[in-house]
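Okay, structure first, notes after.
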Amino acid sequence: MIGSSFFKDNREGLLRAVDENIALVLFAGRSDRMSADNDYRFLPDRNFYYLTGISDEDIVLIICKREDRAEISLFVPEKDSLKERWHGKRKTHEEFSEISGIPVEDIFDRETVDDRIFSILQDKSVLIGYDGSSVKTSNKDFVVNALKSRTSEELIDIQKTLTAMRMIKKPEEVSAIREAIKITEEAVDELKKVLCPGMSELQIYTKLEYEMARRGVLIPAFGTIAAVGENVFYLHHGTPDDVKVKKGDIIQIDLGGRYDGYCADISRVLFVGKSEDEVFEKRKESLLTLIRELRSEAFSYIRPGITLKELNTHMRGICYKWLLKEGLIQMSSKDEGNDDKIVSEYYWHNTSHHMGLDVHDTSVKDSALQAGNCLAVEPGVYVKEWGIGFRIEDDVLVTESGCELLSSGNDDPEVRSCDFT
């Protein structure tokens, strides 16, 4: 879905954005160790992927911009039959070229990169660019070593430039996010076909992970959340336990597939039949009505020019009125329109966040929204006094005039896979 021309355009955009006479050094990173003889599944640095499309580890990208020319070089693991025997086949220079759009003649064996970096650090006619947002050890080690021969003023952090680029999604990125969403919602649909009382959180979790994995998602956008009953009050209930679903239970699921590197973020609340407690049922329906109102208001409110802080204020104002109506709070003498401190006891998290290569994608906090931003929208209210709380989350694209729903927007919580009578 995303071809080499996309990554080539990103590199060219970066070259236009940085000053002349600078050498940028970026790292894919290496696998983190799980144990003495095993590694975690590898995911490359997201900015490195954005510029190359390459998901392999231990690769280095060097971009040099001078007054008269630009040079782009890629350093990749050399072919080694013994290492391939144990760790899997390595790509050829030609295959790396096909993915990244970098000409074969500009792709070199990884073992030569140290000499190249040394020569760059010795060349005082260029500044050194690095990615300050990278969590990869290889990037941090590079900065430490660079400071042995360069001053801090000679090192330029290009994080803000890459963030500004990534915040505006191109059509290929939006298409990839749509596909990630499709995979995610198909997993939810498959769960709802089999969900019944007696099923455990672990079974719910593994069903969702399995359905994403069989559609090619080996590394989900984040740890799948499957929370039953009181566990819905732990927002990142990431480790499922053996609690069993009972008739009348509320289940919160939160999951995201990944496609061509891009993430989805979908939350659904599921009602497993009705409990015998009529008060509980009325409160459950009241909260569902509020969440639906918040979702509708958010989709109408999101547009270029507003900030996510303004969106949060708007949503909390609606929640404040509902809390008053339900008798959960009293009118604040300090502020008759809204008291954020009081509302935050029930409205625990922000309404929205940027999404893309990361599920909480890189962004400039409180910057005005622009057409091309992709957002997850997840109003959630949690009333511990009632034993009821949940969120419903969908993904949108900010357009010139408002926002477009990328996911289904399905807010039907009813589970019909069993006869609950």
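The numbers here are math on the coordinates, done by the rules we state, and not lab data. All values reported here derive from a predicted model rather than from experimental measurement. Note that we place each Cβ from the backbone using ideal geometry, even for glycine, and neighbour counts take in every protein chain shown.
Some notes on this structure:
- Base-10 log of normalised Debye intensity for region 4-167 (one unit scatterer per alpha-carbon) at q = 0.09, 0.10, 0.11 Å⁻¹: -0.29, -0.36, -0.44
- Nearest-0.05 FRET efficiency for M1 and N21, computed from C-beta distance (R0 30 Å): 0.25
- Computed P(r) (all Cα pairs; region 335-421; 5 Å bins; percent): 3, 11, 16, 18, 17, 16, 11, 5, 2, 1, 0
- Evaluated over region 214-350, the Cα radius of gyration and Dmax, each in Å: 17.6, 55
- Taking the number of Cβ atoms within 10 Å of each Cβ as an exposure proxy, the fewest-first ranking of R66, R303 is R66, R303.
- Stretch gain in nm, segment R416-T151, where the contour uses 0.36 nm per residue and the Cα spacing is subtracted: 88.9 nm
- Long pairs among K192/K384; K8/K193; K8/K89, criterion Cα-Cα beyond 32 Å: K8/K193
- Per residue, the average separation of C-alpha pairs within less than 8 Å and at least 6 apart gives region 20-153 a relative contact order of 29 percent.
- Dipole size of region 171-405 about its Cα centre, with +1 on Lys/Arg Cβ and -1 on Asp/Glu Cβ: approximately 420 debye, rounded to the nearest 20.
- Candidate cross-link partners of K136 among the aspartates and glutamates, defined by an alpha-carbon separation under 12 Å and a same-chain spacing of 8 or more, comprise D32, D45, E57, D58.
- Relative contact order (%) - criterion: Cα under 8 Å, at least six apart; region: region 171-405: 20
- Entry note, the chain: the mean residue ellipticity at 222 nm calculated from DSSP H runs of n ≥ 4, each adding -39500 (n - 2.57), is -11000 deg cm²/dmol after division by the residues and rounding to the nearest 500.
- Using the Karplus relation 6.51 cos²θ - 1.76 cosθ + 1.60 with θ = phi - 60°, the per-residue 3J(HN,Hα) values for region 231-245 come to 5, 5, 7, 10, 4, 10, 6, x, 10, x, 10, 9, 4, 9, 6 Hz, with x marking Gly and Pro.
- Between D411, D189, D395, the residue with the greatest mean-square fluctuation in the GNM of the chain (Cα pairs under 10 Å linked by springs) is D189.
- The fewest-to-most ranking of T206, T184, T351 by surrounding Cβ atoms within 10 Å reads T206, T351, T184.
- Unit charges at the beta carbon, dipole of the chain: most positive-side option, F96, Y301, L51: Y301
- Measuring how big region 171-405 is from its alpha-carbon positions, Rg and Dmax come out at 18.0, 55 Å.
- When the convex hull of its Cα atoms is projected in every direction, mean area for the chain (nm²): 24.1
- Cβ-to-Cβ counts within 10 Å put V279, V272 in ascending order as V279, V272, the fewest first.
- Residues whose placed amide H lies under 5 Å from that of L127, excluding near-sequence neighbours: I22, A23
- Viscosity 0.890 mPa s, 25 °C: Kirkwood-radius Stokes-Einstein D of region 98-153 over Cα pairs, µm²/s: 187
- Taking all pairs of distinct alpha-carbon atoms in region 119-181, Kirkwood radius in angstrom: 13.9
- Whole-number percent relative contact order across the chain, with pairs defined as alpha carbons under 8 Å at least 6 apart: 14
- A Cβ-based charge dipole, computed about the Cα centre of region 20-126 with Lys and Arg at +1 and Asp and Glu at -1, lands at about 280 debye.
- Sequence-ordered 3J(HN,Hα) estimates for region 385-401 from the Karplus curve with 6.51, -1.76 and 1.60 and θ = phi - 60° stand at 4, 8, x, 9, x, 5, 9, 10, 10, 9, 10, 9, 10, 6, 10, 5, 10 Hz, glycine and proline given as x.
- Backbone amide hydrogens, once placed in the peptide plane, bring E393 within less than 5 Å of S267, R268, excluding anything fewer than 5 places away on its chain.
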